[in-house]
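Here's the structure we're looking at; comments come further down.
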Amino acid sequence: MSLPAVLLAAGSSPSPSPSESGTATVPTLQDAQESAVHTASWVEQNWSTWLAIGLKVLLVLVIAVVLRKFVLRAITKFIDRMNRTAESAEGTTLGGLLVNAERRRQRSQAIGSVLRSVASFLILGTAALMVLSSFQIDLAPLLASAGVAGVAIGFGARNLVTDFLSGVFMILEDQYGVGDSIDSGIASGEVVEVGLRVTKLRGASGEIWYVRNGEIKRIGNLSQGWATAGVDVTVRSGEDLDRVRATLDEVAEKMAKEEPWNEILWSPIEVLGLDSVLIDSMVVRVSAKTMPGKALTVERELRWRIKRAFDAAHIRIVGGETAVLLDEDTPDPTAAVAAPSAFSNTDSPQVAATAPIASPRSATAGK
């Protein structure tokens, strides 16, 4: 049929009257029956598909919950085993010196928290993606959007990610713990708290330093292994070295037998010999290995004991390498010598400049 014929037929068709267009069509019982039949047929055709999807989603959720619970329990048992190993090592003599139970406990808790968070994120995230795929949802745009958002967040929070990763590796490698004295390059002091992002340090004056883990490039731990206590004793060059050594050996032997120094000292106090010899003095070096963090305490106690022993043995300690010691009866040769001055010469220009100016009245009275 051609286009003019179609237009002619459309124009010749009778238009509906106003009364017919304004009347609403009331559904009949037959229409409701037909709709119910269509709904029943659609349900009959798709119920198996929806049932399969529901069972699949339920299975995925059950497996995710059971797997997460199993993994978290395994991590908890692993952390408990680490704590039991630390407690058994603490019962021995050497273990009590090397192992800090509180530090191991905090380290194990931090490791357990990180492992639990990672395991929960991986398991639940994978389960959520599988549930979405069960509903025939295309995950490619979602994953692409998540990738773009992750890159944007990574650029915006790169310092936060760096701090977090650095904190994780610091805890896993046990670089330091609570109670350790460290030098982080940025600040130094005693570790108060170790976090995944920030480490708290208490300085020598009591201040608290908050150091981001990502900014720490090097760490000097003063509380691991052992420390060295060294004392330099400066005496006069005329002292008897054998008597000095015998006095120092006596002090070292007595100190090593007393408490609590017998536990703090990890090696005998040794007299290493002369560290330097000058015209008026000589330096004797004394050293010993101590418990970590106790070197300064041992040095102070050792100086105290050496000073008292030298006073009893009439061995004089010199204050410095350039000290000049004189006998009590020798007069000071510089006491009668005056400092050079420009005013010592009566004909000098300075004396003439400081002479009082004669007034004209006094000059007339003299005439």
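A few notes on this one:
- Residues located in segment 116-125, provided they are closer than 13 Å to F70 by Cα and not basic (K, R): A119, S120, I123
- Members of segment 191-206 found to be at pLDDT 85 or above and among the small types (G, A, S), listed by number: G203, S205, G206
Listed here are the residues, each with its yes/no results for (1) free of Cβ contacts under 8 Å to residues at least 60 places away in the same chain; (2) assigned to a helix (DSSP H, G or I); (3) open to solvent by 70 Å² or more (accessible area, probe 1.4 Å).
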| residue | (1), (2), (3) |
| --- | --- |
| S108 | yes, yes, no |
| I123 | yes, yes, no |
| M130 | no, yes, yes |
| Q136 | yes, no, yes |
| N159 | yes, yes, yes |
| D163 | yes, yes, no |
| F169 | yes, yes, yes |
| L201 | yes, no, no |
| W209 | yes, no, yes |
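- Among the residues of segment 267-294, those identified as surrounded by 15 or more Cβ atoms within 10 Å (Cβ to Cβ) and over 30 Å from G238 (Cβ atoms) are K289, T290, M291, P292, G293, K294.
- Residues in segment 200-217 that are in contact with a Gly (Cβ under 8 Å, 6 or more places away or on another chain) and within 30 Å of F78 (Cα to Cα): L201, N213, I216.
- Matching residues, segment 241-262, being free of Cβ contacts under 8 Å to residues at least 60 places away in the same chain, open to solvent by 60 Å² or more (accessible area, probe 1.4 Å) and in a helix (DSSP H, G or I): L241, D242, R245, D249, E250, E253, K254, K257, N262
- Segment 183-199, subset in a loop (DSSP other than H, G, I, E, B) and of a type in the set (A, V, I, L, M), residue least open to solvent (accessible area, probe 1.4 Å): A187
- Any hit, segment 80-101, residues being open to solvent by less than 60 Å² (accessible area, probe 1.4 Å) and modelled with pLDDT of 70 or more: yes
- Selection over segment 214-240 of residues that are assigned to a helix (DSSP H, G or I) and either touching a Leu at 6+ places or on another chain (Cβ under 7 Å) or not charged (D, E, K, R) (or both) gives a count of 1.
- Residue tally, condition outside any helix (DSSP H, G or I) and either open to solvent by 90 Å² or more (accessible area, probe 1.4 Å) or touching a helix residue (DSSP H, G or I) at 6+ places or on another chain (Cβ under 9 Å) (or both), over segment 295-318: 5
- Any hit, segment 218-234, residues being farther than 30 Å from D311 by Cβ, buried (at least 16 other Cβ atoms within 10 Å of the Cβ) and touching a helix residue (DSSP H, G or I) at 6+ places or on another chain (Cβ under 8 Å): no
The values are calculated or read from the model by the stated rules, or taken from the named source; none is laboratory data. Predicted model only: the values in this text are computed from it and were never measured. Glycine gets a Cβ as well: all are built from the backbone with ideal geometry, and neighbour counts include every protein chain shown. Accessible surface is based on the protein model in full, side chains and every heavy atom, while ligands, DNA and RNA are left aside. Shrake-Rupley method; radii C 1.70, N 1.55, O 1.52, S 1.80 Å.
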